[in-house]
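Each remark here refers to the structure printed beneath this line.
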Amino acid sequence: MLDHLIRRATVVDGTGAPSYVADVGIRDGRIAVVDRAAAGVKAGGRVGARARTEEDARGLVLAPGFVDPHTHYDAQLFWDPCATPSLSHGVTTVVGGNCGFTLAPLNPGRPADADYTRRMMSKVEGMSLDALEKGAPWSWSSFGDYLDALDGRTAVNAGFMVGHCALRRYAMGPAAVGGTPDESQLRRMTALLHDAMDAGAWGLSTTRSTTHSDGDGNPVASRHARPGELLALARAVGEHEGTQLEAIVTGCLDRFTEEEADLLVALTSAAGRPLNWNVLTIESAAPGRVPHQLAASERARAAGGRIVALTMPVLTPMNMSLGTFCALNLLPGWGEVLGLPVPERIALLRDPAVRDRMLSGAASPRAAGFRRLTDFGRYVIGDTYTPENEGLTGRVVRDIAAERGTDPFTTLVDICAADGLRTVLWPMPTDNDPASWELRRRAWDHEDVLLGGSDAGAHLDRMCGAPYTTRFLGDCLRGRRLVPLERAVRMLSDEPARLFGLRGRGRIAEGWHADLVLFDPERIDAGAATLVHDLPGGGARLDSRAVGVVSVRVNGVEAIRHDVVTGAVPGRVLRSGRDTETVATGKI
């Protein structure tokens, strides 16, 4: 007998093949039946009679659960088993442990390392320190302990890379920041990585990006690693079944330097494993960026490796503030001003000479991809907090500046200063033109470009990237229609599943795991991001409701019904080797 039968659904199976109408039956967490012949049979037919429960899905699309290849749910899953809002938007598998940052391993001989890790995650990934302290048990030492702590308590499937920063901190202590490991420390680091992968880690993640600093304001540990250390760790990854590499370098934001490209090629070649990076920014103002970045992928193929660029298929607004840490702090010369106490910060921001220096740094080549944030006339004023700013919410800075007879940046500073720098700022996108969307459509055709890069679980009060799946589907069905539905579903499900070598996930096929999304093609979309205060300790985060998603099943069990959680926790911690297989690299 089937556990559940979905009757007369329009099946988009994840392979890119044309959709078809079928009855899909589930048993013991897997897809037991995909019966096209029974699709026209009324209730009580030969398939329907053998199911404990069933539903009529006429007019609805049934797709494989989506796979988000770049999240930071490492901590959030402890207080939020549903990885909200990802699960509501059809994501049934999340990949965590990215960018070199994980919560494990922790050296049991140095209890203070947990506090260092929490402060680092709060700074570099924009996580609430209060939530990190109150919402996770911090009861683990080894990476396997961490995976065990999550096992059986999540509504989503989750797999994790092991972060280079954690390996360095465990093996080197405080010397991980600024130091170079001696031979014994490198052996310890490599042994820790082997232990983590034996326990199910998906591989190694690392960062060399200048944007990544710890809670003390110092470059994070992995930024101090020399190529020899990275290559030793990459070779260790290649000794384990079903593993990967993930790496971030400064050039990910704009253009790789020759040295960065050489390093990425060397890492994937040494491991014989795919390496993915985040995030490929595509805009018509920089048409040469995509071919430049993807040249590294072509070199990797020739060298026996594979480099995959993640790119977002939708625009994800990120709010800014002069009062708290955000991307503006990373503009050249801005961090030293925006890092000061608020009264001193306001005084300097009101100094015309200081503003001129800041604008000069923002316009310099060193600003790289962050230059997209520096057209201050195109900022929209969000929440305000004082009578002086009443009526400004929703207005564009350039219009306010024209009324006041001041330049846009001065106007923006005046507004924020009146609020004690609490004003929320929304930069209008610079890459929403037809030419940019055409460049994206072409880039998606490349064999080494993959949709993803949501950063879900990080930067919680700044951005909400998790809903990219439903927003993209809505755009494909009713908006720009850059790709047909069948291909869009494949890009969200099977393609990331195949990159990570997920066994039996990413498609609707008999015998495969029943990770399924049932949605209304006429309505599928994502609601606007809104601020909610539901983190441990009362902290705020941006959330977005799913529109048109009828049901989300994980391993056959319904976890979401009409955007409401059922309370079930059918997710699994997916472990390398057992749940993943090795993916081929090199020329194909």
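Using a Förster distance of 60 Å, how high is the FRET efficiency between ARG226 and ARG487, based on the Cβ-Cβ distance and rounded to 0.05? E(calc), rounded to 0.05, equals 0.90. The packing ranking, built from the mean of other Cβ atoms within 10 Å per residue, places the peptides 522-535, 196-209 in the order 196-209, 522-535, highest first. As a check on your grasp of the helix formula, calculate [θ] at 222 nm for the chain: sum -39500 (n - 2.57) over DSSP H runs of n ≥ 4, divide by the residue count, round to the nearest 500. My calculation for the chain gives -8500 deg cm²/dmol from helical runs alone. Simple spin-label estimate for ALA584 and GLU133 gives 5.3 nm between the two label positions (7 Å along the Cα-to-Cβ direction from each Cα). Estimated at 0.36 nm per residue, the fully extended path between ARG378 and VAL532 surpasses their Cα-Cα distance by 52.8 nm.
Distance between the C-alpha centres of the range 536-573 and the range 175-254: 33 Å, rounded to the whole angstrom.
Counting only protein heavy atoms and a probe of 1.4 Å, the accessible surface of the chain is 51% carbon and sulfur.
Take 556-565, 504-513 and order them by the average number of nearby Cβ atoms within 10 Å per residue, most first; the result is 504-513, 556-565.
Along the axis of the charge dipole computed for the range 283-362 (Cβ charges of +1 for Lys and Arg, -1 for Asp and Glu, origin at the Cα centre), the listed residues GLY304, PRO352, GLY288 are led at the positive end by GLY304.
Expressed as a rounded percentage, what relative contact order does the range 491-557 have, with Cα pairs under 8 Å and six or more residues apart? Relative contact order here is 32 percent. Which percent, nearest 5, of DSSP beta bridges in the chain are antiparallel? For the chain, the DSSP antiparallel bridge percentage is about 55.
Using the Karplus relation 6.51 cos²θ - 1.76 cosθ + 1.60 with θ = phi - 60°, the per-residue 3J(HN,Hα) values for the range 540-547 come to 9, 8, 8, 10, 8, 7, 7, 10 Hz, with x marking Gly and Pro. Protection proxy ranking, highest mean first, for peptides 252-259, 473-480: 473-480, 252-259, where packing is the per-residue count of other beta-carbon atoms within 10 Å, averaged. Label positions at GLU403 and ARG110, each projected 7 Å from the Cα along the C-beta direction, are separated by 5.4 nm. Using Cβ point charges alone (K and R +1, D and E -1), the dipole size of the range 116-194 about the Cα centre works out to roughly 180 debye. Applying 1/(1 + (r/R0)^6) with R0 = 22 Å to the Cβ-Cβ distance of THR324 and THR410 gives a FRET efficiency near 0.55.
To the nearest 10, the accessible area of THR268 is 0 Å² with a 1.4 Å probe.
Less than 5 angstrom separates the built amide H of HIS4 from those of ILE26, ARG52, THR53, all sequence-distant by 5 or more or on a different chain. For the pair ARG188 and ARG395 in one chain, pulling the backbone fully straight at 0.36 nm per residue adds 69.0 nm over the alpha carbon distance.
Computed from the C-beta positions of HIS292 and ASN432, the FRET efficiency with R₀ = 25 Å rounds to 0.65.
Accessible surface area normalised per residue over the chain is 36 Å², counting heavy atoms of protein chains with a 1.4 Å rolling probe.
For the chain, averaging the sequence separation of C-alpha pairs within contact (under 8 Å, six or more residues apart) and dividing by the residue count gives a relative contact order of 21 percent.
The values are calculated or read from the model by the stated rules, or taken from the named source; none is laboratory data. The shown structure was predicted, so the numbers you read here are calculated from the model rather than taken from an experiment. Cβ atoms come from the backbone with ideal geometry, glycine included; neighbour counts cover every protein chain shown. The protein model used for the area step is the full one, side chains on, heavy atoms only, and it has no ligands, DNA or RNA in it. Shrake-Rupley method; radii C 1.70, N 1.55, O 1.52, S 1.80 Å.
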